[in-house]
Structures are given as C-alpha cells and as structure tokens.
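Q: Take a look at the following structure, please.
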Amino acid sequence: MRETRSDGELLRAAADGDRRAFEELYRRYAPWLTARLRGRCADAGVVDDVVQETFLAVWRGTARYREDGDVAGWLWRIGSRRLIDALRGDGARGRLRQALARLRHRDEASAEERVLAGVEHGDLAGALVRLSPELRAVLQATVIDGLTTREAAVLLGIPPGTVKTRALRARKQLREALA
C-alpha cells in the first residue's frame, strides 16, 4: 500500500524534477482549478490554456511556493492572474509595450526612482513586512501587479469595496511608518 504524499511534499519533489510528483499534483488540482476558473470565464479554451500555463509555471519553477500557505490558494492566485492576463488580451499588452517604449527614452526619473527618493528617511521594506498579510496582498495586486480594484477583488476573492478599504488602510499605515 502506497502512502499519499502531502501537497508540500509533492511540490518539493516536483521542484526537484520528480515528474510523478508533478503529475500527482496536476491530477489532484487541475480539475478543481478548471472548475473554479470556468466560474469566471465561459470560454473553455481560454480556461484550459490558463490551467496549462499555471501548471507550466509550477513545473518550470517560475512560480514560487512559500511553504506556509495553502497550495490550492497558491495555485488559484497563479491561475487567476493568468486568466486576467488572458482576458486583457494582446491588444492591451501591445498598447502597454508602446507606452513603455515611449517613456523609456525620457530624461525624467522613473516612478521607482521617485518613490525611492521620497522614502530616503524611512524603511520601506520594514514597513511592508509589518503590514498584515491581507493588506500586503492588496498592495501586491493593485500596486505591484497593476491590477484594477475589480481585478484585484477577483484575484483575492473579496468584494471590490474591501479591496479599496484595505488599500487605504495599507497606504495610511505605510505613511505613518515612513514619516
């Protein structure tokens, strides 16, 4: 009789190149992820592509799992982000690339440089670590990933109003920490 490995054990083994562990992880979660994504998108082809891209990111190691979290939630975050990207389409990506190309040649400071200049007396990394995981997740989705409030709400599985409230609380706490 064979022992069933935990999700964490499967992920560690898959990260080490164990194809059987990866296949077991896929069998365990692909149907669930597919069903959940189909609740967000009616196009079965797009959903199937997103599920494949999600598990490819896991297999290639481009998605990093933190061992303190839920594997299903982690896979959901990867899949939902990939679904949002797919639904945005290449048209939006093309416009973004064009806008970035125009901005790249300007002589003004980048957004990152302006933020760093404004934070020279504070410890941004320390202030971010002190935020609750819920507030950090909202900042990750809206600021770093650049999602809209609605997209962040879908990704995080919370109402848009909650995203807005948490974003306001996070900004307030960061301002106080960096003052």
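Q: Could you give the length gained by full extension between K164 and R27, i.e. 0.36 nm per residue of separation minus their alpha carbon distance, to one decimal place?
A: Between K164 and R27, full extension yields 45.7 nm more.
Q: In the stretch 1-59, which trypsin sites (Lys or Arg not before Pro) are in a loop and have at most 13 other Cβ atoms within 10 Å, using DSSP for the loop call?
A: Values: sites: R2, R5, R12, R19, R20, R27, R28, R36, R38, R40; in loops: R2, R5, R40.
Here the trypsin sites (Lys or Arg not before Pro) that fit, given the DSSP loop and packing criteria, are R2.
Q: Another one. Quickly work out the Q173-to-A44 label distance, labels modelled 7 Å from Cα along the C-beta direction, and quote it in nm with one decimal.
A: Placing both labels 7 Å beyond Cα along the Cβ direction yields 4.4 nm.
Readers should treat all values here as calculations from the given coordinates under stated rules, not as data from a laboratory. Just so it is clear, the structure is predicted and the values come from calculations on it, not from any experiment. Backbone-built Cβ (ideal geometry, glycine too); neighbour counts: all protein chains shown.
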